[in-house]
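Shown next, in structure tokens, is the structure this report addresses.
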Amino acid sequence: MLKPTNPGLWLFICLCACGRPAGQSIISRPIPFGAQREQLTLDYIRQHYDSGATDIQTTPQIIVIHWTVTPTLESLYAVFGPDTLAASRNAIRRGGRVNVSSQFAVDRDGTIYQLMPGNRMARHTIGLNRISIGIENIGGPEQPLTSSQLQANAWLVRRLCKEYPGIRFLIGHHEYLAFRATPFWQEKDPTYVTSKQDPGADFMLRLRQSVSELMLLAGPP
């Protein structure tokens, strides 16, 4: 095939050949994750999941979709940046000192950012952290998620399913409690749960319709 003289057309052809929409990509923008945060994460795993754990590696089986409530990407980085949990997070402080995070974030315009590796544990969903990948979307009840975010989430879900063939489930954060009393639930403290509403039933319905060919489950079989 001859290379087109128009650079824009050549970029479009290359992206389509790679199986992704023109212009869609993942920008690497890691959150701070040094030795202290890694140790705190391991402490969390030992406290909640496996007292004999020796690393923070995960085996992704579930993709969990979130919204941030924070209005901008920069405000999300401000929340995720510290190693330790903010004093204001009373509902989950007893669960451990390591700060919350997710592996990916999607900005309002659909730009995807990778915050940490997909197979290293982030604290984003009680009971499922060790088997899940979290995708944060900038927005919330007062700032509804956008169509660009929907398209970006669908693209990212497809990519993650190729990278991690063990992924079987696609859920919203508000749906995570359906996994209690199943083999997927790893939380040892039965009282350590919180109520969530993100990202809402409508967004998840549209996202599942967008990736229906993947036949991902919305809950335990």
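For the range 156-191, a residue qualifies if it is touching a residue at least 40 places away in the same chain (Cβ under 8 Å) and of a type in the set (Val, Ile, Thr), and the qualifying residues are Val157, Ile167, Ile171.
Return yes or no: is Ile126 touching a residue at least 40 places away in the same chain (Cβ under 8 Å), on the phi < 0 side of the Ramachandran plot and part of a helix (DSSP H, G or I)? Let's see the steps before the verdict.
Numbers: touching a residue at least 40 places away in the same chain (Cβ under 8 Å): yes; on the phi < 0 side of the Ramachandran plot: yes; part of a helix (DSSP H, G or I): no.
For Ile126, the condition - touching a residue at least 40 places away in the same chain (Cβ under 8 Å), on the phi < 0 side of the Ramachandran plot and part of a helix (DSSP H, G or I) - is not met.
Residue count for the range 77-101, restricted to those that are in a loop (DSSP other than H, G, I, E, B) and either among the acidic types (Asp, Glu) or surrounded by 11 or more Cβ atoms within 10 Å (Cβ to Cβ) (or both): 12.
Selection of the range 103-158 for residues being surrounded by fewer than 18 Cβ atoms within 10 Å (Cβ to Cβ), among the basic types (Lys, Arg) and closer than 30 Å to Asp189 by Cα yields only Arg120.
Candidates in the range 182-201 are the residues that are farther than 19 Å from Gly95 by Cβ and over 18 Å from the mean Cα position of the chain (by Cα); of these, the one that is surrounded by the fewest Cβ atoms within 10 Å (Cβ to Cβ) is Pro183.
No value in this document is a laboratory result; all are computed from the given coordinates. The model shown is predicted, which means the values in this text are computed figures rather than measured ones. Cβ atoms come from the backbone with ideal geometry, glycine included; neighbour counts cover every protein chain shown.
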